[in-house]
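Each reported figure results from applying straightforward, stated rules to the coordinates on display, with no laboratory input. Owing to the predicted nature of the structure, the values given are computational and were not obtained by experimental measurement. For neighbour counting, all protein chains shown are included, and Cβ atoms are generated from backbone atoms with ideal geometry for every residue, glycine included.
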Amino acid sequence: MTVLICRDLPVGALDAVLCRYRISVIGVADGKEIPGSYWGGSEAGLVGEAVFVRADTPVHSALHEAGHLVCMTPDRRRSLNRDAGGDYEEENGVCYLQILLADHVRGMCRTRMMRDMDAWGYSFRFGSAAGWFHDDAEDARLWLLRQGLINEYDQPTWRLRGEYAATAGLRKAAGGRL
């Protein structure tokens, strides 16, 4: 099975989702090296608050790298160039979030995302992304909830990590009126 690539999506489909996080999607010409790509080849790249993609970039790669931007601390975002870093909990949160985000991208869905993750070679204890997501990812879900990145209904809050704490502080200072 081949994975869904950016050229297979409707024009602007990634931008429409990632702009909600103020993440820029920057297209790279065919055959050119993708700036900030950790894996090289057609894999998405990260520099600052931008995700770099080519037409042949797998959609799962673009959403995974965008998930890193959402899940990393503000300090790491400010100096980001290629290596998202992060710990085990954050990486799991990124994988969970990319599955949720797939439902918001025209031309993609979470079922396709999980199949593409398997085809690319993501490895999970349960043998598949779907097995992990449905039976073993509660820790990733709770991490995203604690960070304010999803709500109790598994919907993205469209905030970057660190924005939730700031909003909660403002809400408390305003007596809960925000």
(message) Show me, for segment 119-130, the HN-Hα J-couplings you get by feeding each phi into the Karplus relation (A = 6.51, B = -1.76, C = 1.60, θ = phi - 60°), rounded to Hz, glycine and proline as x.
(response) 4, 6, x, 4, 10, 9, 4, 7, x, 7, 4, 5
(request) Sort H104, H68, H60, H134 so that the residue with the fewest other Cβ atoms within 10 Å of its own Cβ comes first and the one with the most comes last. (result) H134, H104, H68, H60
(request) Compute the Rg/Rh shape ratio of segment 6-173: radius of gyration over Kirkwood radius, all on alpha-carbon atoms. (result) 0.95
(message) Counting other beta carbons within 10 Å of each residue's own, what order do R125, R77 fall into, fewest first?
(response) R125, R77
(message) If amide hydrogens are placed 1.01 Å from N in the peptide plane, which non-local residues have theirs closer than 5 Å to the one on F52?
(response) I26, G45, L46, V47
(message) Sort F52, F126 by Cβ crowding within 10 Å, fewest neighbours at the top.
(response) F126, F52
(request) Can you tell me the dipole magnitude for the chain around its Cα centre, using point charges on the Cβ only (Lys, Arg +1; Asp, Glu -1), in Debye to the nearest 20? (result) 740 debye
(message) For a quick check, take a GNM of the chain with Cα springs below 10 Å and name the residue from D75, D154, D139 with the largest mean-square fluctuation.
(response) D75
(message) Using Cα springs under 10 Å in a Gaussian network model of the chain, which residue among Y164, Y96, Y153 shows the largest mean-square fluctuation?
(response) Y153
(request) Would you mind calculating the relative contact order of the chain from Cα pairs under 8 angstrom and at least 6 residues apart, reporting the percent as a whole number? (result) 19 percent
(request) Only helical DSSP H runs with n ≥ 4 go in: add -39500 (n - 2.57) per run for the chain, normalise by residue count and round the 222 nm mean residue ellipticity to 500 deg cm²/dmol. (result) -12500 deg cm²/dmol
